[in-house]
1. Scan the range 24-41 for residues that are of a type in the set (A, V, I, L, M) and closer than 14 Å to THR80 by Cα and report the count.
2. Out of (1) surrounded by fewer than 20 Cβ atoms within 10 Å (Cβ to Cβ); (2) touching a Ser or Thr at 6+ places or on another chain (Cβ under 6 Å); (3) closer than 21 Å to PHE40 by Cβ; (4) not charged (D, E, K, R), what's the single condition that is false for SER86?
3. Do we find a residue being within 11 Å of the chain's Cα centre (by Cα), in the same structural domain as LEU10 (by TED's automatic domain parsing) and assigned to a helix (DSSP H, G or I) anywhere in the range 89-107?
4. Show me the helices (runs of 4 or more DSSP H) entirely contained within the range 1-85 in which 2 or more residues are closer than 24 Å to ALA101 by Cβ and not hydrophobic (A, V, I, L, M, F, W, C).
5. Of the residues that make up the range 20-36, is at least one among the acidic types (Asp, Glu) and loosely packed, with under 13 Cβ neighbours inside 10 Å?
6. Out of all the residues in the range 1-13, is one or more farther than 18 Å from SER83 by Cα, exposed (fewer than 14 other Cβ atoms within 10 Å of the Cβ) and in contact (Cβ under 8 Å) with a residue 24 or more places away in the chain?
7. Within the set of pairs 6 or more residues apart or between chains, which connect a residue that is in the same structural domain as THR80 (by TED's automatic domain parsing) inside the range 32-45 to a residue that is part of a loop (DSSP other than H, G, I, E, B) with Cβ atoms less than 6 Å apart?
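The values are calculated or read from the model by the stated rules, or taken from the named source; none is laboratory data. These numbers come from a predicted model, not from an experiment. All Cβ positions, glycine included, derive from the backbone under ideal geometry; neighbour counts span all protein chains shown.
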Amino acid sequence: MDTDQLWLVLLVAVGGSIGSVSRYLLSGVFTTSDFPWGTFFVNVTGSFLIAFLYFWNLEAGFASQELRVALFVGVFGGYTTTSAFSLETVSMLSESQWGWAAANIFLNGGLCVVAAVLGRMAALLTEAV
């Protein structure tokens, strides 16, 4: 790994820690009932902010590669991966890639939940052994 790549990895790590701590703090503030309002809040705000900054940067070109990596991969990756999923889906829709956008929604929304159910079942099976 060269020094440029190492620098980008460091930026992702720093951004990720900022995003993760933000998620932890905000989730705790907004989760006050049986529904996970904190997770919902983080997913919605993260999805809005990543799309806003990404498309604004496409028009204005204000962010360097380092800032884009730190923000989009680091901060938003630590804050919520739903933001990346949402941005990728909107990007596909804006490019009229309807089939890929639908597949992304189905695969991430549906199969990831199925995978979590299977993971739970596997964990419960290990308790029985």
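1. First, pick out the residues of the range 24-41 that are of a type in the set (A, V, I, L, M): 25-26, 29.
The next check asks that each one be closer than 14 Å to THR80 by Cα; those that pass are 25-26.
Selection size over the range 24-41: 2.
2. With respect to (1) surrounded by fewer than 20 Cβ atoms within 10 Å (Cβ to Cβ); (2) touching a Ser or Thr at 6+ places or on another chain (Cβ under 6 Å); (3) closer than 21 Å to PHE40 by Cβ; (4) not charged (D, E, K, R), SER86 is out only on (1).
3. no
4. Working: elements: 3-30, 37-60, 65-68, 76-79.
Counting at least 2 such residues, we get 37-60, 76-79.
5. Going through the range 20-36, the residues among the acidic types (Asp, Glu) turn out to be 34.
Within this subset, residues satisfying the condition of being loosely packed, with under 13 Cβ neighbours inside 10 Å are 34.
Yes, the range 20-36 has at least one match.
6. yes
7. Every condition considered, the pairs that remain are TRP37/THR31; GLY38/THR31; VAL42/THR80; ASN43/THR80.
Let's see how each residue does on (1) farther than 20 Å from ILE18 by Cα; (2) without any contact (Cβ under 8 Å) to a residue 60 or more places away in the chain; (3) surrounded by fewer than 18 Cβ atoms within 10 Å (Cβ to Cβ); (4) touching a helix residue (DSSP H, G or I) at 6+ places or on another chain (Cβ under 6 Å):
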{"site": "PHE62", "(1), (2), (3), (4)": "yes, yes, yes, no"}
{"site": "VAL75", "(1), (2), (3), (4)": "no, no, no, yes"}
{"site": "TYR79", "(1), (2), (3), (4)": "no, no, no, yes"}
{"site": "GLU95", "(1), (2), (3), (4)": "yes, yes, yes, no"}
{"site": "TRP100", "(1), (2), (3), (4)": "yes, yes, yes, yes"}
{"site": "GLY110", "(1), (2), (3), (4)": "yes, yes, yes, no"}
{"site": "ALA115", "(1), (2), (3), (4)": "yes, yes, yes, no"}
